[in-house]
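> This structure is in structure tokens; I'll ask about it shortly.
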Amino acid sequence: MSHPASDITSVLKEGRVFSPSSEFSQNAHIKSFAEYEEIYNRAANDPEGFWSEIAKELEWFSPWEKVLDWQLPFAKWFVGGKLNISHNCLDRHLKTWRKNKAAIIWEGEPGESRILTYQALHREVCRFANALKAHGIEKGDRVAIYMPMIPELAIAMLACARIGATHSVVFGGFSANALKDRINDAQAKAVITADGGYRRGQELPLKPAVDEALEDCPTIKQVFVYRRTNNQFITMKEGRDHWWHDVVANVSDHCEAEQLDSEHPLFILYTSGTTGKPKGILHTTGGYSVSTYITTKWVFDLKEEDTYWCTADIGWVTGHSYIVYGPLSNGATSLMYEGAPNWPYPDRFWNLIDKYQVNIFYTAPTAIRAFIKWGEEWPKRHSLASLRLLGTVGEPINPEAWMWYHKLIGKEKCPIVDTWWQTETGAIMITPLPGATPTVPGSATRPFPGIIMDVVTKKGESVPDNVGGYLVIKKPWPSMLRTIYGDDERYKQQYWSEIPGCYFAGDGARRDERGYFWIMGRVDDVLNVSGHRLSTMEIESALVSHPAVAEAAAVGRPDPLKGEAVAVFVTLEGGRKGSEDLKQELREHVAKEIGALAKPDDIRFTDALPKTRSGKIMRRLLREIAAGSETIGDTTTLEDISILAKLREDEE
Ligand code: WTA
């Protein structure tokens, strides 16, 4: 942890309070703040009782014997219970009128649309599951999924879940190198991909990156390729690569869902931590099913007739929990869109909302800030009258963006749920319940029932109201990560050792006199760039793998659009001189090593990096230099830095 708690302050002073309309509250699942508090207190007094009540709303092949087995920091939920999340997302609904309800409404970026009913989705999942089995994929195997935002991505996940294979979805924006590392860490047996997808009018090829990654992935035996863009330049390796349409051609529509243990590994999702190596966050079946199911229902106040749209990419946890598993386990209609928000024009999202009459819309503050920049004429061209609830996730929302969202999109009638959670938490942890909780722009408000949170000092003592500290979760919850895949020790050390006895989230926060939480951002070396998590160490190791680079330090700098931008300081090998060309080369190099999302925004060449006497890079100082770019020139000289460094050295 590089910032002491006393450093964590917030400039937010926000007094505006917005309460849901009485009409909204009356129709909501949770109708008043008193009702929320009653449920919250009941759950806090008897978490196991609370969670098992919720779990009973899902179908289990056999009941659990014990709700929770907690050997700090290792949890088992619904011990001995057997279920299958694919069964709960599909088969369960086929017995009701939902059989012909739209499960997924999809729109491709070029404009085509597909609607898969629950019955049709079930059929596609069963067929692909049978194809996986026919190619030797078995319960317990890991399968990497590297796909564009098309229904087959959800089908692939549900098919893996159905047969008990653990999926590891890798965001399509990651490079071949990043894909390779993730495949190898998980020892995946197969990859599911597509020839490509569409983004901003361009074809984004995926299969070539898979081919490149697989030069160095000995565990991969099979590759399944969905034809999306009809790319004629795709090569298929005999015996290893199979077209999706071929493997599903002659299989049965019927595939019994495996009866899986509640703790059976459902998926691994890699996320950035404080070291160069991404962490494989492991989620298991039962607890994750329960938490995603109930949070989707209560936070989005989901009704049978709603059309619900979460704009995230399924390559991130938000897409896993709130495009696929949460909505489908509720029998909801989930809209899925393939492409960019500003293609062909900056009103694509508003166009989709009117076209499909979307009622619930969940997006990221970074997207809202982009819409603000593009101008209010774009949303004003559309009615948006179908909307009744808005949500945000991924980073703190600044009150201006909140107000814009409230006025221009919500027409001052839609509650906004600002939801705080993480890849590790699996499901939403701090959030308003829209019919119950008065909202204040910039605050995620209160913890979800069953979630016990606090703001503490490094020693684990609660801090007083309005004093900054570390955000922690004090009791286990069903959808908590179970470990870092293959590395229990790192799991223990990263999440359970910083603050005694608590889950350490890595965020700074304060709590106000209403008990509302205000999240202030990461306190570790993790950056939040446009709502995407990046590790400074990962960027640094990408840079030093370039032959011209001797040493590198990456820090975040505040950015009005992205939240944080990536600023790097680079020292070069053997007296090489920096140039604009080299900057461009380094940007491309980082894109190749990690993905375009990690490209540095600012690169400064420097003679040396400022270090403490013990040799630690003085990141706080670099952050200050990066933030105040106007005071120090583009090429920071050692002299500039060392003067500042001397001033700061004793403070670090
Ligand atoms: C940040 C995304 C403020 C936070 C679901 C957290 C937020 C990290 C919010 C997790 C929010 C997420 N307000 N900050 N509503 N939601 N964050 O794993 O720093 O991609 O630790 O999960 O995003 O990012 P991740």
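> Would you point out which residue out of 361, 371 is within 16 Å of the ligand (Cβ to nearest atom) and not acidic (Asp, Glu)? Spell out how you get there, then give the answer.
On the way: 371 fails: within 16 Å of the ligand (Cβ to nearest atom).
Of 361, 371, the one residue that is within 16 Å of the ligand (Cβ to nearest atom) and not acidic (Asp, Glu) is 361.
> Moving to a separate point now. Residues that are open to solvent by 60 Å² or more (accessible area, probe 1.4 Å) and either touching a helix residue (DSSP H, G or I) at 6+ places or on another chain (Cβ under 6 Å) or touching a residue at least 12 places away in the same chain (Cβ under 8 Å) (or both): find the strands (runs of 3 or more DSSP E) completely inside region 541-632 holding 1 or more of those. Full working, then the answer.
Values: elements: 549-559, 563-572, 602-605.
It comes to 549-559.
> So residue 124 fits all but one of (1) under 22 Å from the mean Cα position of the chain (by Cα); (2) part of a helix (DSSP H, G or I); what number is the exception?
Going through the list (1) under 22 Å from the mean Cα position of the chain (by Cα); (2) part of a helix (DSSP H, G or I), residue 124 breaks only (1).
> Next question. Between a first residue in region 408-420 that is free of Cβ contacts under 8 Å to residues at least 40 places away in the same chain and a second residue that is of a type in the set (S, T, N, Q) and part of a loop (DSSP other than H, G, I, E, B), which pairs have beta carbons less than 9 Å apart while being 6 or more apart in sequence or on different chains?
418/431; 418/443
> Scan the helices (runs of 4 or more DSSP H) fully inside region 21-121 and keep the ones with 3 or more residues being among the charged types (D, E, K, R) and in the same structural domain as residue 488 (by TED's automatic domain parsing).
Working: elements: 22-27, 33-45, 47-55.
Once the helices (runs of 4 or more DSSP H) in region 21-121 are filtered for at least 3 residues that are among the charged types (D, E, K, R) and in the same structural domain as residue 488 (by TED's automatic domain parsing), what remains is 33-45.
> Within region 412-421, identify whether any single residue is crowded, with 16+ Cβ neighbours inside 10 Å and away from the ligand (no atom under 16 Å from the Cβ), and answer yes or no. I'd like the intermediate steps shown before the answer.
Let us first name the residues in region 412-421 that are crowded, with 16+ Cβ neighbours inside 10 Å, namely 414-421.
So of that shortlist, the ones also away from the ligand (no atom under 16 Å from the Cβ) come out as 414.
Scanning region 412-421 turns up at least one residue that is crowded, with 16+ Cβ neighbours inside 10 Å and away from the ligand (no atom under 16 Å from the Cβ).
> Kindly check whether there is at least one residue in region 313-326 that is at pLDDT 95 or above, in a strand (DSSP E or B) and under 29 Å from residue 181 (Cα atoms).
Our first condition is that a residue be at pLDDT 95 or above; within region 313-326, this holds for 313-326.
So of that shortlist, the ones also in a strand (DSSP E or B) come out as none.
No, region 313-326 has no match at all.
> Checking residue 354 against (1) in a helix (DSSP H, G or I); (2) open to solvent by less than 10 Å² (accessible area, probe 1.4 Å), which test does it fail?
In the conditions (1) in a helix (DSSP H, G or I); (2) open to solvent by less than 10 Å² (accessible area, probe 1.4 Å), residue 354 misses (2) alone.
> For region 422-444, what are the residues that are more than 10 Å from the ligand (Cβ to nearest atom) and either under 18 Å from residue 302 (Cα atoms) or crowded, with 24+ Cβ neighbours inside 10 Å (or both)?
Here is the first cut: in region 422-444, the residues more than 10 Å from the ligand (Cβ to nearest atom) are 432-441.
Within region 422-444, 432, 433, 434, 435, 436, 437 meet the criteria.
> All but one of (1) within 19 Å of residue 444 (Cβ to Cβ); (2) in a strand (DSSP E or B); (3) not hydroxyl-bearing (Ser, Thr, Tyr) hold for residue 534; state the number of the condition that does not hold.
For residue 534, the exception is condition (1).
> Filter region 397-411 down to the residues that are surrounded by fewer than 21 Cβ atoms within 10 Å (Cβ to Cβ) and within 11 Å of the ligand (Cβ to nearest atom) and list them by number.
Across region 397-411, the qualifying residue is only 398.
The rows are residues; the columns are (1) assigned to a loop (DSSP other than H, G, I, E, B); (2) in the same structural domain as residue 491 (by TED's automatic domain parsing); (3) open to solvent by less than 20 Å² (accessible area, probe 1.4 Å).
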{"position": "254", "(1), (2), (3)": "yes, yes, no"}
{"position": "294", "(1), (2), (3)": "no, yes, yes"}
{"position": "297", "(1), (2), (3)": "no, yes, no"}
{"position": "341", "(1), (2), (3)": "yes, yes, no"}
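The values are calculated or read from the model by the stated rules, or taken from the named source; none is laboratory data. None of the values given here were measured: they were computed from a predicted structure. Positions of Cβ are generated from backbone atoms using ideal geometry, with glycine treated the same way; all protein chains shown enter the neighbour counts. All accessible areas refer to the heavy atoms of the entire protein, side chains included, with ligands and DNA or RNA removed. Shrake-Rupley method; radii C 1.70, N 1.55, O 1.52, S 1.80 Å.
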